[in-house]
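As structure tokens, the structure follows; a few thoughts come after it.
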Amino acid sequence: MQTFQHPVEKTTVTEGWQPNIDLLKRTLLSQGVTLYPDSEERLAQVPDEHFDIVTNSHGGLPIRDIARVLRSHGLFVSQQVGATNNYSLSRFLNANYVPAFPDNNLPQVMTELREAGFKILKSDAAFVKMNFTDVGAIVYYATVIPWEFPDFDVKKVMPQLHQLQKIIDSQGSVTTFEDRFIALAKKN
């Protein structure tokens with residue numbers, strides 16, 4: 001709230017992941033921030049036309065619900081992890097890997113925003129290299145983002161980890177690509 005210089009009593013947070021909900025209850029509620037726990041990421045508890053601005057960083061994108069809770073001419077700002085984030089590495093470790101959110105890509109989101117009555121003010125995408133120089137870092141990474149590495153088990157993927165180590169030994173790193181996109185839109 002300090003960064004936006006926005007009064008805390010006019011600030012609302014929605015959150016779907018229980019550990020974050022618990023953290024927000026401990027840290028923000030005492031400051032006067034309103035919290036709407038939202039495990040289904042549908043903004044169901046939020047009143048219609050309640051916000052002037054909705055920001056979303058890496059959360060679910062219920063575009064029609066976002067349109068419902070925004071006032072006329074309200075702004076929507078989002079930075080997202082795209083569907084192909086780390087796809088090659090996920091697929092290497094699990095031949096049956098399918099992205100958890102395959103429709104989370106810039107063209108799809110722009111289409112949904114327009115269909116929901118938004119004017120697109122800015123949009124952009126980036127595919128940025130991420131290099132791993134240590135197999136242990138890959139193991140750690142795969143354990144903290146289970147939606148990209150579902151059912152990750154070191155013992156099951158040990159042959160692939162050995163192959164990745166050989167790549168690191170010969171080339172210095174294993175490269176994967178981060179898929180990110182941003183959207184800034186105004187409700188008509």
Criterion: closer than 23 Å to Ile66 by Cα and either open to solvent by less than 70 Å² (accessible area, probe 1.4 Å) or modelled with pLDDT under 95 (or both) - qualifying residue of Arg114, Arg180: Arg180
Subset tally (residues that are part of a helix (DSSP H, G or I) and small (Gly, Ala, Ser)) for the stretch 89-109: 1
Scope the stretch 1-44; condition open to solvent by 50 Å² or more (accessible area, probe 1.4 Å), within 26 Å of Ile63 (Cα to Cα) and among the β-branched types (Val, Ile, Thr); matching residues: Thr3, Thr14, Thr34
Given (1) under 21 Å from the mean Cα position of the chain (by Cα); (2) on the phi < 0 side of the Ramachandran plot, number of the condition Val154 does not satisfy: (1)
Which listed residue, of Val109, Val77, is among the hydrophobic types (A, V, I, L, M, F, W, C), in contact with a Ser or Thr (Cβ under 6 Å, 6 or more places away or on another chain), over 24 Å from Gln160 (Cα atoms) and touching a residue at least 60 places away in the same chain (Cβ under 8 Å): Val77
Residues of the stretch 93-104 satisfying the condition of being surrounded by 14 or more Cβ atoms within 10 Å (Cβ to Cβ) and out of contact with any helix residue (DSSP H, G or I) (no Cβ under 6 Å at 6 or more places or on another chain): Asn94, Pro99, Ala100, Phe101, Asn104
Count - residues of the stretch 138-161 that are out of contact with any Ser or Thr (no Cβ under 9 Å at 6 or more places or on another chain), open to solvent by 50 Å² or more (accessible area, probe 1.4 Å) and not polar (S, T, N, Q): 10
Residue within the stretch 65-88 that is touching a Leu at 6+ places or on another chain (Cβ under 9 Å), assigned to a loop (DSSP other than H, G, I, E, B) and open to solvent by 80 Å² or more (accessible area, probe 1.4 Å) present: no
Failed condition for Val135, given (1) exposed (fewer than 12 other Cβ atoms within 10 Å of the Cβ); (2) under 19 Å from Ser173 (Cα atoms); (3) not hydroxyl-bearing (Ser, Thr, Tyr): (1)
Any hit, the stretch 46-59, residues being within 20 Å of Gln80 (Cα to Cα), open to solvent by 60 Å² or more (accessible area, probe 1.4 Å) and part of a loop (DSSP other than H, G, I, E, B): yes
Odd one out for Ser123 among (1) touching a residue at least 60 places away in the same chain (Cβ under 8 Å); (2) of a type outside the set (A, V, I, L, M); (3) in a loop (DSSP other than H, G, I, E, B): (3)
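The values are calculated or read from the model by the stated rules, or taken from the named source; none is laboratory data. This structure is a prediction, so every number in the text was calculated from the model and none was measured. So basically every Cβ, Gly included, is an ideal-geometry build from the backbone, and we count neighbours across all protein chains shown. Keep in mind that these areas ignore ligands, DNA and RNA; they rest on the heavy atoms of the full protein, side chains included. Shrake-Rupley method; radii C 1.70, N 1.55, O 1.52, S 1.80 Å.
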